[in-house]
Amino acid sequence: MRNILMTVMLLVVVIVLFNNIIADNTTGTSKQIQTQGSSANTKIGSMLSSGSN
């Protein structure tokens, strides 16, 4: 019974950490990757449009 309780508690901690570190909508890793990707797309697009003139 104790092993099951420890396993469940560990899974809860992992889920909470994942939600706070990875999936947070304001400061999470996925939001930062999306922001940096959008910035990179904008820079690439401006380089391509200025290069074709």
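The values are calculated or read from the model by the stated rules, or taken from the named source; none is laboratory data. Note that the coordinates shown come from a computational prediction; the quantities given were computed from them, not determined experimentally. Counting neighbours? That spans all protein chains shown, and the Cβs are built from the backbone with ideal geometry, glycine included.
Summary of computed values
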| quantity | calculated |
| --- | --- |
| Contacts under 8 angstrom Cβ, first residue in region 1-23 being closer than 27 Å to Q34 by Cβ, partner surrounded by 10 or more Cβ atoms within 10 Å (Cβ to Cβ) and modelled with pLDDT under 95, 6 or more apart | N20/G28; I21/G28; I21/T29; I22/G28; I22/T29; I22/S30; A23/S30 |
| Residue that is modelled with the lowest pLDDT, among those in region 13-53 that are part of a helix (DSSP H, G or I) and among the charged types (D, E, K, R) | K31 |
